[in-house]
Amino acid sequence: MTSLTQLPIWQALKQQRQTIEQQSLRDAFARDPGRAERYSVKAAGLMLDYSKNRIDDTTLAALLELARDCELESQRDAMFTGAAINRTENRAVLHTALRASGNTPVMVDGEDVMPEVRATLAKMKGFVEQIHEGQRTGYTGKAFTDVIAIGIGGSFLGPKVATEALRPYAKSLRLHYVANVDGTALSEKLKKVNAETTLVVMSSKSFTTQETLANTQSAREWFLASGASQADVAAHFVAISSNVPAAVEFGIDADNVFPMWDWVGGRYSLWSAIGLPIALAVGFDHFEQLLSGAEAMDRHFREAPLEQNMPVLMGLLSLWYSNFFDSQSQVILSYDHYLRGLPAYIQQLDMESNGKGVALDGTPVDYRTGPVIWGGEGTNGQHAYHQLLHQGTALIPADFILPLQSHNPLGRHHQMLAANCLAQTQALMQGKTLEEAKAELADRNLAPQALEQLARHKVMPGNRPSNTLLMDKLTPATLGALIALYEHRTFVQGAIWQINSFDQWGVELGKVLGNAVLDELEAEQAPLAQDASTNQLITLLRQGKL
């Protein structure tokens with residue numbers, strides 16, 4: 001495999017970075033009135049304005065050439081057609097098949113997976129409708145009022161974020177999500193619900209995930225302590241798992257076990273039966289709209305030329321700053337309260353996928369991969385970490401996400417929210433010069449030296465890059481398109497970086513070591529076999545005091 005940094009186009013991009021370093025975004029807009037229109041693209045109900053990035057036509061052409069030299073298009077096609085692009089686990093990567101509505105077969109190991117995908121969706125639809133219509137009840141005949149969804153990683157965060165985002169479409173069921181194995185997390189949720197009217201949805205492909213299984217077992221103990229019998233567990237517990245025998249042994253009816261597949265990773269799984277809590281929260285019709293929005297973005301990613309391809313452009317811009325400006329992090333800023341959980345979702349999606357230091361051929365990479373993803377909601381960050389974005393020494397590219405319409409048009413609130421969003425992107429781009437800062441202080445009657453000194457504290461360098469993502473309104477379809485956009489953006493970067501975006505061996509190591517430490521914690525008199533620091537900490541935990 002050719003080293004990425006040895007490609008001629010990589011070297012050309014290094015030279016292009018030196019050219020761009022001398023250019024001002026403020027001047028670029030002044031010279032080119034059509035810049036915003038030329039550097040914008042629409043797809044699947046979203047609009048991306050990427051004109052406030054530190055690029056010109058030469059930069060963009062070079063980035064697109066890099067994508068072609070790295071055979072991005074063929075790698076993308078291989079994913080959609082079921083090739084085993086997850087090479088370290090020899091698996092296909094087919095989250096896109098979960099939202100495909102056509103009749104085109106998708107083959108994995110010689111078998112079309114689409115009939116089973118459609119059968120699972122039909123089963124989910126029937127289950128959800130029976131719950132909502134009161135046909136399926138708890139063991140005392142009472143309708144369900146609450147759902148406790150237990151999972152961890154992607155099987156927790158994806159459904160939770162989607163449920164929060166689609167709150168305007170919520171039905172009467174109340175959803176409670178539990179991931180943390182800290183007993184407080186589950187205990188606080190159980191205090192809010194009645195066992196007779198609570199449905200528990202457990203998501204674990206293996207039915208052995210330590211945190212998820214422990215929380216589900218404790219939920220069962222709580223349920224039985226309320227007066228229910230072991231036989232009643234079948235009416236109140238549902239599993240999304242490939243391990244049907246373990247679920248049945250637990251007490252779950254085999255008909256209430258929904259399948260998972262090896263070709264869907266956890267962080268890409270909300271489109272599958274893992275999304276059952278979403279469908280329970282907002283209705284299966286809205287869940288289908290979520291899938292259709294994602295499918296629309298899939299079509300765009302697969303069919304649009306690279307020059308007008310939203311995920312490709314976003315992936316290339318992210319790579320541009322990571323690899324040629326030495327940017328170590330990127331910030332996601334959601335200007336919609338319902339999307340407040342999205343930065344954490346993208347954080348997991350991107351960092352678990354591309355936090356890799358080894359290329360597909362097993363050789364160490366000699367370039368930066370996987371930036372730190374972080375962020376928050378709305379105007380809150382403007383009174384906190386935006387200070388770092390504007391005047392800090394680090395270059396931190398930003399994505400601003402804003403719906404044009406609010407679900408709650410209260411007075412001037414949305415106009416104020418939108419004005420803040422747009423003003424932040426403008427301020428990051430244009431900054432404030434020393435001369436402008438001095439002009440602001442002109443009426444303060446300061447001595448020349450004091451004015452000069454204070455003005456320097458008010459200077460903002462500008463040239464801080466950002467994308468602005470707009471949608472008419474946050475709907476199930478636009479949410480699906482938005483999440484799929486970031487999935488594909490992540491894929492684009494991993495494909496060019498020549499890494500496997502679909503395994504997570506670092507996560508697996510923590511699980512293995514965690515089990516070994518747990519054995520020693522619970523065997524109070526057994527000799528300790530860990531490193532000196534861990535042994536000391538285990539001893540203190542055994543004692544329960546310092």
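The values are calculated or read from the model by the stated rules, or taken from the named source; none is laboratory data. All values derive from a computational prediction rather than experimental measurement. Here Cβ is always computed from backbone atoms with ideal geometry, including for glycine, and neighbour counts include all displayed protein chains.
Screening Leu319, Leu290 for residues that are under 30 Å from Asp109 (Cβ atoms) and assigned to a helix (DSSP H, G or I) leaves exactly one candidate, Leu290. Checked across the range 469-476, the condition of being within 21 Å of Ile332 (Cα to Cα) and in a helix (DSSP H, G or I) holds for at least one residue.
Return a yes/no flag: does the range 54-70 have any residue that is over 17 Å from Ala495 (Cβ atoms), assigned to a loop (DSSP other than H, G, I, E, B) and under 22 Å from the mean Cα position of the chain (by Cα). No: zero hits.
Inspect all residues belonging to the range 510-530 and state whether any of them is assigned to a helix (DSSP H, G or I) and under 16 Å from Glu352 (Cβ atoms). Scanning the range 510-530 turns up at least one residue that is assigned to a helix (DSSP H, G or I) and under 16 Å from Glu352 (Cβ atoms).
Among the numbered conditions (1) closer than 22 Å to Leu291 by Cβ; (2) without any contact (Cβ under 8 Å) to a residue 12 or more places away in the chain, the only one that Glu116 does not meet is (2).
Number of residues in the range 232-255 that are of a type in the set (A, V, I, L, M) and free of Cβ contacts under 8 Å to residues at least 12 places away in the same chain equals 2. Restricting to the range 293-320, give me the number of residues that are surrounded by fewer than 22 Cβ atoms within 10 Å (Cβ to Cβ), in contact (Cβ under 8 Å) with a residue 12 or more places away in the chain and more than 14 Å from Leu46 (Cβ to Cβ). Within the range 293-320, residues that are surrounded by fewer than 22 Cβ atoms within 10 Å (Cβ to Cβ), in contact (Cβ under 8 Å) with a residue 12 or more places away in the chain and more than 14 Å from Leu46 (Cβ to Cβ) number 3.
Go through Thr369, Thr379, Thr363 for me and flag whichever is more than 22 Å from Leu319 (Cβ to Cβ) and either hydroxyl-bearing (Ser, Thr, Tyr) or in contact (Cβ under 8 Å) with a residue 60 or more places away in the chain (or both). It would help to see each step written out before you state the result.
On the way: Thr369 fails: more than 22 Å from Leu319 (Cβ to Cβ); Thr363 fails: more than 22 Å from Leu319 (Cβ to Cβ).
That would be Thr379, the only listed residue that is more than 22 Å from Leu319 (Cβ to Cβ) and either hydroxyl-bearing (Ser, Thr, Tyr) or in contact (Cβ under 8 Å) with a residue 60 or more places away in the chain (or both).
Before we move on, is Lys160 of a type in the set (Lys, Arg) and within 23 Å of the chain's Cα centre (by Cα)? So Lys160 fits the description; yes.
Which of the residues that make up the range 386-434 are of a type in the set (Val, Ile, Thr) and either modelled with pLDDT under 95 or under 21 Å from Val331 (Cα atoms) (or both)? Reasoning before the result, please.
Here is the first cut: in the range 386-434, the ones of a type in the set (Val, Ile, Thr) are 393, 396, 401, 425, 433.
Scanning the range 386-434 gives Thr393, Ile396, Ile401, Thr425.
Does the range 26-38 include one or more residues that are modelled with pLDDT of 95 or more and either surrounded by 21 or more Cβ atoms within 10 Å (Cβ to Cβ) or within 23 Å of the chain's Cα centre (by Cα) (or both)? Taking every residue of the range 26-38 in turn, none turns out to be modelled with pLDDT of 95 or more and either surrounded by 21 or more Cβ atoms within 10 Å (Cβ to Cβ) or within 23 Å of the chain's Cα centre (by Cα) (or both). For residues in the range 517-546 being among the hydrophobic types (A, V, I, L, M, F, W, C) and under 16 Å from Glu211 (Cβ atoms), which is surrounded by the fewest Cβ atoms within 10 Å (Cβ to Cβ)? Looking at the filtered set, the residue picked out is Leu518. Here is the figure for the range 36-48: residues that are out of contact with any helix residue (DSSP H, G or I) (no Cβ under 6 Å at 6 or more places or on another chain) and not in a helix (DSSP H, G or I) total 4.
Matching residues to (1) β-branched (Val, Ile, Thr); (2) in contact (Cβ under 8 Å) with a residue 60 or more places away in the chain:
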residue: Leu470; (1), (2): no, yes
residue: Leu474; (1), (2): no, yes
residue: Ala484; (1), (2): no, yes
residue: Thr490; (1), (2): yes, yes
residue: Ala495; (1), (2): no, yes
residue: Leu513; (1), (2): no, no
residue: Asp519; (1), (2): no, no
residue: Thr539; (1), (2): yes, no
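Identify, from the list Val93, Val106, the residue that is touching a residue at least 12 places away in the same chain (Cβ under 8 Å) and in contact with a Gly (Cβ under 6 Å, 6 or more places away or on another chain). It would help to see each step written out before you state the result.
Working: Val93 fails: in contact with a Gly (Cβ under 6 Å, 6 or more places away or on another chain).
Going through Val93, Val106 in turn, the sole match is Val106.
Go through the range 339-355 and give me each residue that's buried (at least 21 other Cβ atoms within 10 Å of the Cβ) and either in contact with a helix residue (DSSP H, G or I) (Cβ under 8 Å, 6 or more places away or on another chain) or hydrophobic (A, V, I, L, M, F, W, C) (or both). Steps first, answer last, please.
Residues of the range 339-355 buried (at least 21 other Cβ atoms within 10 Å of the Cβ): 339, 342-343, 345-346, 349-350, 352-354.
If the condition is that a residue be buried (at least 21 other Cβ atoms within 10 Å of the Cβ) and either in contact with a helix residue (DSSP H, G or I) (Cβ under 8 Å, 6 or more places away or on another chain) or hydrophobic (A, V, I, L, M, F, W, C) (or both), then Leu339, Leu342, Tyr345, Ile346, Leu349, Asp350, Glu352, Ser353, Asn354 are the ones that fit.
Looking only at the range 379-421, count every residue that is buried (at least 19 other Cβ atoms within 10 Å of the Cβ) and aliphatic (A, V, I, L, M) and tell me the total. Residues meeting the conditions: 5.
With the structure loaded, tell me whether Asp253 is surrounded by fewer than 24 Cβ atoms within 10 Å (Cβ to Cβ), over 21 Å from the mean Cα position of the chain (by Cα), of a type outside the set (Gly, Ala, Ser) and not assigned by TED's automatic domain parsing to the domain that holds Ser40 or whether it fails that test. I'd like the intermediate steps shown before the answer.
Values: surrounded by fewer than 24 Cβ atoms within 10 Å (Cβ to Cβ): yes; over 21 Å from the mean Cα position of the chain (by Cα): yes; of a type outside the set (Gly, Ala, Ser): yes; not assigned by TED's automatic domain parsing to the domain that holds Ser40: yes.
When the stated conditions are applied, Asp253 passes them.
Cβ separations smaller than 8 Å between residues 6+ apart or across chains give the following pairs from the range 18-42 residues that are closer than 16 Å to Thr58 by Cα and of a type in the set (S, T, N, Q) to residues that are surrounded by 11 or more Cβ atoms within 10 Å (Cβ to Cβ) and at pLDDT 95 or above: Thr19/Thr58; Gln23/Arg54; Gln23/Asp56; Ser24/Gly462; Ser24/Asn463.
Of the set (1) surrounded by fewer than 22 Cβ atoms within 10 Å (Cβ to Cβ); (2) in contact with a strand residue (DSSP E or B) (Cβ under 7 Å, 6 or more places away or on another chain), all apply to Pro448 but (2). Looking across the range 332-362, the residues that are in contact with a Ser or Thr (Cβ under 9 Å, 6 or more places away or on another chain) and hydrophobic (A, V, I, L, M, F, W, C) come down to Leu333, Leu342, Ile346, Leu349, Ala359, Leu360. Just one of the numbered conditions (1) over 24 Å from Ala30 (Cβ atoms); (2) of a type in the set (A, V, I, L, M); (3) in the same structural domain as Asp49 (by TED's automatic domain parsing) is not true of Leu451: (3). Count of the range 66-99 residues, restricted to those that are in contact with a Leu (Cβ under 7 Å, 6 or more places away or on another chain) and at positive phi, is 1. The set of residues in the range 44-70 that are over 21 Å from Tyr321 (Cα atoms) and either surrounded by fewer than 20 Cβ atoms within 10 Å (Cβ to Cβ) or among the β-branched types (Val, Ile, Thr) (or both) comprises Gly45, Met47.
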